[in-house]
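See structure below.
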Amino acid sequence: MMRSNQRRCAVTGVLAAALLLGACVTAPPTASLSPELARVTLETRPQDRVEAYRLDGDLVDGLRFDDLTPGAHELRIRHHFETMGSASGGLLGEPQWERCILAVRYGGFRGGEHYTLETERRGFRSVGWLNSSQGEKLADARVIRCGPGV
């Protein structure tokens, strides 16, 4: 029978491997950007994970967004991050994975431009924002919902 420490180490090892594999899968594309399309790269802290969810209401097939046509778009993402446990969510002090869905609307996507959608956790919630290639903040993301099963 596995002891509590052995179980915790096994779970931690599996989570670490999953995060490393996730980082490999979500690497930004290396293909050159068409002047007719805009590109959005997703970024978060190394220990967290962010993935594309919906583009203009349609489910995204993959972990990142395809290059976008110029104009207005709504991007929705899933941000996964670890928090310390609570009395209601598990053993005290045991890490729990939370997930928030964020949406950002921006009406000025331009062809040939590269944008960055950044996320980070603040307590049990996520924050996000869209930056231009020059690092200028263009739009804040809004939280749609958060929770362990989102």
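The values are calculated or read from the model by the stated rules, or taken from the named source; none is laboratory data. What you see is a predicted model; the values in this text were computed from it and never measured. Here Cβ is always computed from backbone atoms with ideal geometry, including for glycine, and neighbour counts include all displayed protein chains. Remember, those area values only see protein heavy atoms, side chains included, never the ligands or the DNA or RNA. Shrake-Rupley method; radii C 1.70, N 1.55, O 1.52, S 1.80 Å.
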Residue pairs meeting the criteria (Cβ under 7 Å; at least 6 apart or on separate chains; first of a type in the set (D, E, K, R), in region 50-78; second in a loop (DSSP other than H, G, I, E, B)):
Glu51/Thr26; Glu51/Leu63; Arg54/Val60; Arg64/Thr26; Asp67/Leu33; Asp67/Ser34; Asp67/Leu37; Glu74/Asp56
Quick one: would you say Arg54 is within 21 Å of Gly147 (Cβ to Cβ), open to solvent by 40 Å² or more (accessible area, probe 1.4 Å) and modelled with pLDDT of 95 or more?
yes
Any hit, region 46-59, residues being of a type in the set (A, V, I, L, M, F, W, C) and more than 10 Å from the chain's Cα centre (by Cα):
yes
Of all residues making up region 102-150, the number that are of a type in the set (Lys, Arg) and farther than 20 Å from His80 by Cα
3
